[in-house]
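All remarks here apply to the structure that follows.
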Amino acid sequence: MNIVEHFINGASFSGESTRTAPVYNPAAGVVQREVRLASVADVDVAVQAAAAAFPDWAGASWAKRQGVLFTFRELLNARKGELAAILTNEHGKVTSDALGEVARGLEVVEFATSMPHLAKGEYSENVSTGVDVYSIRQPLGVVGIISPFNFPAMVPLWFFPIAIAAGNTVVLKPSEKDPSAAIWMAELMREAGLPDGVLNVVHGDKESVDALLEHPGVASISFVGSTPIAKYVYETGTRHGKRVQALGGAKNHMLVLPDADLDLVADSAVNAGFGSAGERCMAISVVVAVEPVADELVEKIRDRMSQLTVGDGTRGCDMGPLITREHRDKVAGYIDVAIADGADVVVDGRGVEVDGESDGFWLGPTLIDQVSTTSDVYTHEIFGPVLSVVRVATYDDGLALINASQYGNGTAIFTNDGGAARRFQREATVGMIGINVPIPVPVGYFSFGGWKDSLFGDTKAYGPDAVHFFTRQKAITSRWLDPSHGGINLGFPQN
Ligand code: NAD
């Protein structure tokens, strides 16, 4: 069987580990290749390669680094169809969604090409007589990036273009469930002129993650994944003296006020609930309907769901399979929980008809009304095509629910009342807010990240926060002697 190998120092690398994991085609339900799982020693080879490449890359001109990113941007844009095909093949998301993922990643590459401007320092002349102070921003060294299965291209692209533009060298550990996109991008960066060793990819599981977290040669960790692992990564990485940003899970609510346009709400709930089979950290998983609109809204959502097609992502369907059989079964299990907890399963995705192989990891769009806020269906991140509806009496009741959630990634309000929307943007304890926009993922020149258990650390992904994260500032105080200087003075200079 074909094995996806690591990519170190510009070349494929097998390493010493003989451990592998299966990589499925989720639409067929079959193992199509294996992926190598790195040992501690294999991770060390990658870190050493990145460390060796660091001095030259950090010393390269801004123009040289920027030039590689401009070329990469052109190549990626021209060949995005190839990358999208890899995403559909290993993740299962439909082609249009895969192309959307690449487009959102391209935004960050474009942002990264502005790094010479973004990382400029400051200068103050004559802070004291004859003394100037200025600041510069320098790269950290070797940076580690650990990404989840659900965006195998976009999440690595949130980080490595900015890290590399700033002069760092990288060890990327993508999800072992869909590892090929990372290799494809690393090879494309090489084609764009990136020197060997600047971007390395190691595959693996907990062993390789721990090796990165504990390695003294790794300066920082950028992690995206589930909340328990994000918390562990944050605590372990910082304990080992690293700068860490760790983005975690989510449970995103859509608050629907009675004056909202219910057709827009229903379209948005279906798109944001079932796009990518609900395997998005910004998916809407709970519709909070302020009465009296719930009955009408549930009906509109149900109507739209009846038109959705589920199947192989290459066949023009609306929604693909889930990532693994195990995950599919876990998500489907929440439908039983809903029934046991007395909720109303309006649409049950377990009986879905699919345009694809019978062994694929299928679960159709599912709508559950009257979900109790004490049920696991409400409190757990399900990460699948299951949309819950919770009914509340007032705006304040809806807001209280959102603010009581352990997560604070994204949320949305649907209303035609500007005053209510304005209150919501101020009062919701959530990092990204949509106003009549269901998935408020900020564009590449803002930063992406949640609050509470959706982000550990104080730095979000991409945008201005990333410039800060991937550089460290140095302040220089300088005096050039002139004839007027002189004299001993043991106090701080005062003018
Ligand atoms: P995951 O936490 O299982 O895995 C993420 C990464 O951590 C992978 O590279 C994996 O190999 C590694 N990992 C897994 N178990 C580990 C362990 N015990 N110790 C150390 N490393 C480990 O997440 P996933 O299932 O790949 O992705 C889905 C999750 O990611 C969801 O919770 C989703 O909300 C979240 N997510 C969040 C964002 C965000 O921006 N906040 C974006 C995308 C996905």
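Bear in mind these aren't lab numbers, they're just calculated from the coordinates by the rules spelled out. All of these numbers come straight from a predicted model, not from anything done at the bench. As a convention, Cβ positions derive from the backbone with ideal geometry for all residues, glycine included, and neighbour counts pool all protein chains shown.
Can you give me the C-alpha center-to-center distance between region 258-277 and region 337-359, rounded to a whole angstrom?
Taking the Cα centre of region 337-359 as reference, the centre of region 258-277 is 19 Å away.
Name the residue farthest towards the positive end of the dipole of the chain from the options Gly463, Tyr407, Val371, assuming +1 on Cβ of Lys and Arg, -1 on Cβ of Asp and Glu, about the Cα centre.
The Cα lying farthest towards the positive end belongs to Gly463.
Would you mind checking which residues have amide H under 5 Å from Val346's amide H? H placed 1.01 Å from N; only 5 or more apart, or other chain.
Amide H to amide H, under 5 Å and 5 or more residues apart or across chains, Val346 pairs with Leu367, Ile368, Asp369.
From the phi angles alone, apply the Karplus equation (6.51, -1.76, 1.60; θ = phi - 60°) to region 203-214 and give each ³J(HN,Hα) in whole Hz, x where the residue is Gly or Pro.
9, x, 10, 4, 4, 6, 5, 4, 4, 5, 5, 9
What length, rounded to one decimal in nm, is gained on full extension from Glu291 through to Ile3, with 0.36 nm per residue of separation minus their alpha-carbon distance? List each step's numbers first, then the result.
Details: separation 288, 0.36 × 288 = 103.68 nm, distance 5.43 nm.
Value of the extension gain: 98.2 nm.
Report the gain in length on full extension from Asp396 to Ser478: 0.36 nm times residue separation, minus Cα-Cα distance, nm rounded to one decimal.
Taking 0.36 nm per residue and subtracting the Cα distance, the gain is 23.9 nm.
Applying 1/(1 + (r/R0)^6) with R0 = 30 Å to the Cβ-Cβ distance of Gln138 and Glu82, what FRET efficiency is obtained, to the nearest 0.05?
For Gln138 and Glu82, the calculated efficiency is 0.25.
Out of the GluC sites (Glu not before Pro) in region 272-374, which ones are loop residues according to DSSP with at most 14 other C-beta atoms within 10 Å?
Loop-located and lightly packed - Glu353.
Using only the Cα atoms of region 252-435, what semi-axes does the equivalent ellipsoid have when each is the square root of 5 times a gyration tensor eigenvalue? Give whole Å, largest first. Mind dumping the intermediate values first?
Working: eigenvalues 149, 55, 46 Å².
Its equivalent ellipsoid spans semi-axes of 27, 17, 15 Å.
Taking the simple approach of a point 7 Å from Cα along Cα-to-Cβ for both Asn403 and Gln494, what is their distance in nm?
Going from the Asn403 label point to the Gln494 one covers 5.0 nm.
What number does the chain give for Rg over Rh if you use C-alpha atoms and the Kirkwood radius?
1.03
Treating cross-link reach as a plain straight distance, find the aspartates and glutamates whose alpha-carbon is under 18 Å from the alpha-carbon of Lys120, omitting any fewer than eight places away in the same chain.
Answer for Lys120, where 18 Å is the Cα cut-off: Glu110, Asp132, Asp465, listed by chain and number.
Any chance you could tell me what percent of the C-alpha pair distances in region 420-490 go past 18 Å?
Numbers: 1497 of 2485 pairs.
For region 420-490, the share of Cα pairs beyond 18 Å comes to 60 percent.
Give the residues of region 281-316 whose amide nitrogen is closer than 16 Å to a point set 7 Å from the Cα of Asp259 in the direction of its Cβ.
Only 290-293 pass the distance filter.
Mind checking which of His253, Gly351, Pro216 is farthest towards the positive end of the chain's charge dipole, using Cβ charges of +1 (Lys, Arg) and -1 (Asp, Glu) about the Cα centre?
Projecting each Cα onto the dipole axis, the largest value belongs to Pro216.
Based on the alpha-carbon gyration tensor of region 247-297 and its eigenvalue square roots a ≥ b ≥ c, which shape applies: rounded if a/c is under 1.5, prolate if not and a/b is larger than b/c, or oblate?
Here region 247-297 falls in the prolate category.
In the structure displayed, which of Lys173/Lys242; Lys173/Lys231; Lys173/Lys452; Lys177/Lys330; Lys251/Lys330 lie more than 19 Å apart, Cα to Cα?
Lys173/Lys452
Multiply the residue separation of Arg239 and Ser128 by 0.36 nm, subtract the distance between their alpha-carbon atoms, and state the gained length in nm to one decimal.
Details: separation 111, 0.36 × 111 = 39.96 nm, distance 3.97 nm.
Gain on extension, Arg239 to Ser128, equals 36.0 nm.
With only Lys, Arg, Asp and Glu charged, each at its Cβ (+1 for the first two, -1 for the last two), find how big the charge dipole of the chain is about the Cα centre; round to the nearest 20 debye.
1660
Quick one: Karplus J couplings for region 320-334, per residue in order, coefficients 6.51, -1.76, 1.60, θ = phi - 60°, nearest Hz, x for Gly and Pro?
In residue order, the calculated couplings are x, x, 8, 6, 9, 5, 4, 5, 4, 5, 5, 5, 4, x, 5 Hz.
Kindly put His327, His91 in sequence by how many other C-beta atoms sit within 10 Å of each C-beta, fewest to most.
Fewest-to-most ranking of His327, His91: His327, His91.
Could you work out how far apart the two model spin labels at Glu16 and Ala340 are, taking each label as a point 7 Å from the Cα in the direction of the beta carbon, and quote it in nm?
If labels sit at Glu16 and Ala340, their model points lie 4.6 nm apart.
Using θ = phi - 60° and the Karplus curve 6.51 cos²θ - 1.76 cosθ + 1.60, what whole-Hz ³J(HN,Hα) does each residue of region 93-106 get, with Gly and Pro shown as x?
Values, residue by residue: 4, 6, 4, 4, 5, 5, 5, x, 4, 5, 4, 5, x, 4 Hz.
Show that you can apply the helix-only estimate: for the chain, add -39,500 (n - 2.57) for every DSSP H stretch of four or more residues, divide by all residues, and state [θ] at 222 nm to the nearest 500.
That comes out to -11500 deg cm²/dmol.
May I ask you to sort Phe446, Phe13 by Cβ crowding, counting other Cβ atoms within 10 Å and putting the fewest first?
By the 10 Å Cβ count, ascending, the order reads Phe446, Phe13.
In debye, nearest 20: dipole of region 252-435 around its Cα centre with unit charges on the Cβ of K, R (+) and D, E (-)?
520
For each of His240, His215, count neighbouring Cβ atoms within 10 Å of the residue's Cβ, then give the residues from fewest to most.
Details: His240 15, His215 22.
Ranking His240, His215 by Cβ neighbours within 10 Å, fewest first, gives His240, His215.
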